[in-house]
1. Please give the helices (runs of 4 or more DSSP H) falling wholly within the stretch 75-189 in which 1 or more residues are loosely packed, with under 15 Cβ neighbours inside 10 Å and of a type in the set (D, E, K, R).
2. Here are some conditions: (1) part of a strand (DSSP E or B); (2) without any contact (Cβ under 8 Å) to a residue 24 or more places away in the chain. Residue 68 meets all but one. Which one does it not meet?
3. Would you pick out the residues in the stretch 1-20 that are surrounded by 22 or more Cβ atoms within 10 Å (Cβ to Cβ) and farther than 20 Å from residue 96 by Cβ?
4. Can you name every residue in the stretch 109-161 that is modelled with pLDDT under 95 and at positive phi?
5. For the stretch 102-158, which residues satisfy the criterion of being under 12 Å from the mean Cα position of the chain (by Cα), over 18 Å from residue 25 (Cα atoms) and of a type in the set (A, V, I, L, M)?
6. Given the condition under 19 Å from residue 135 (Cβ atoms) and in a loop (DSSP other than H, G, I, E, B), answer yes or no: does some residue in the stretch 27-40 qualify?
7. Out of curiosity, is residue 14 modelled with pLDDT of 95 or more and among the aliphatic types (A, V, I, L, M)?
8. Please go through the stretch 21-44 and pick out each residue that is more than 21 Å from residue 183 (Cβ to Cβ), in contact (Cβ under 8 Å) with a residue 40 or more places away in the chain and buried (at least 17 other Cβ atoms within 10 Å of the Cβ).
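The values are calculated or read from the model by the stated rules, or taken from the named source; none is laboratory data. Given the structure is predicted, the values throughout are model-derived calculations rather than measurements. Note that each Cβ is placed from the backbone with ideal geometry, even for glycine, and that neighbours are counted across all protein chains shown.
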Amino acid sequence: MKPRLQIIVTPTRAGRVGRKLGDWLCSYADSHSNFDVELIDLATINLPLFDEPKHPRLHQYEHAHTKEWSKLISKGDCYIFVMPEYDHLPPSSFVNAVTYLSNEWSYKAVSFMSYGGISGGLRAVETARLMVNAVRMVPILETLPIPQYTQYIDENGNFRPNSTIEGGAQAVFDELFKVNNGLKNIRPKF
């Protein structure tokens, strides 16, 4: 059975480009990786601001939305977060989604597809790395930054990457696969 890669699109605001990038990444992963791939769009999950009374590490969730989020994320073996950079930071929807859970993320490899202006969203990724470490995710070195991303959006609004971006995606898939194999036996069972 192939490991499950969950590609999580983090922006939720109107006019976002993240879903187009996530759709492309999901399609590319389907044909260029050793994963079963699932796309998750935070805009359709509709998590309210974190509202659980008990710490997520206790895994004693009261709200249906948290239980559903936990069940969905528990199916993943590794993750790629698709994120823009907002004022040098990841979107608040990313922070909120990660905050809801703890054990579900533990000892799972993670990477990022980021986009923005000249930095390609890398400043947001550096902040996001700190956060995922706090819930015991294991960020790999390889990421997929898309600087000046609008140059890759065609007249129909579709994402059209070049061969450098495709090669970067392949490097991310390959490393996630290796690291996932090393981590799968130490993940908590709950």
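1. 163-183
2. That leaves (1) as the condition not met.
3. Scanning the stretch 1-20 gives a single hit, 5.
4. Of everything in the stretch 109-161, just one residue is modelled with pLDDT under 95 and at positive phi, namely 157.
5. 128, 132, 137
6. no
7. No; evaluated as a whole, the condition is false for this residue.
8. Hits for the stretch 21-44 are 21, 22, 23, 24, 25, 28, 42.
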